[in-house]
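Written out below as structure tokens is the structure these notes cover.
The values are calculated or read from the model by the stated rules, or taken from the named source; none is laboratory data. No experiment lies behind these values; they were computed from the predicted model shown. Areas reflect the complete protein model, heavy atoms only, side chains present, ligands, DNA and RNA absent. Shrake-Rupley method; radii C 1.70, N 1.55, O 1.52, S 1.80 Å.
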Amino acid sequence: MQFKPLLNYFNNIIIYKETHINLYNKKPIFKAESSPSFHGDGIDYYVYQLKKEDFDFILSDNINNYKWNRLPINKEIYSIIDKQLTHDIELANSLKNSSYSPIPNVKNGYYLFVNKNSNEKDYYFNFKLYILDVENFLLYLIKYDS
């Protein structure tokens with residue numbers, strides 16, 4: 001029995017609960033994943049091309065009802081993510097060999113930072129960063145699992 005489709009299904013449910021963005025049956029146009037270490041820990045970097053209709057729904061529903069923030073990314077969050085992405089040499093090299101930068105330089109858009117350990121203020125692990133690029137209809141998803 002293959003578990004990958006089931007795992008993708010559950011991941012999409014979690015993403016939908018966090019963002020109200022439906023990625024079911026959408027494949028990333030780019031992905032870079034660090035080699036999993038202990039219990040699957042690592043960093044995943046995905047880029048999804050969405051349709052204008054997807055974005056219209058997201059912007060009308062999510063920006064008002066969820067905790068999305070207007071770009072640029074908060075300096076503390078930016079520092080945390082930059083540190084984790086550049087620390088993983090394998091992922092950094094994958095991104096360097098692509099047209100994508102570790103933290104996308106999106107001018108017009110929104111971001112949502114989901115910290116699974118919101119009680120910890122100085123220690124961030126198991127977090128996700130979602131970035132909506134309004135001009136290019138792109139969704140960036142950066143997941144860090146430690």
Task: Calculated from backbone phi, Karplus (6.51, -1.76, 1.60) coupling profile of the range 25-30 in Hz, x at Gly/Pro - done: 6, 10, 9, x, 7, 8
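Probe radius 1.4 Å, ligands and nucleic acids left out: which of 19, 86 has the largest accessible area, and how do the rest follow? Each step should come with its number before you reach the end.
Numbers: 19 0, 86 70 Å².
Most to least solvent-accessible, the answer reads 86, 19.
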Open item on the list: Can you compute 3J(HN,Hα) from phi for each residue in the range 85-95, using the Karplus curve 6.51 cos²θ - 1.76 cosθ + 1.60 with θ = phi - 60°, rounded to whole Hz and x for Gly and Pro?
Closed with: 5, 7, 6, 8, 4, 4, 5, 4, 5, 4, 6
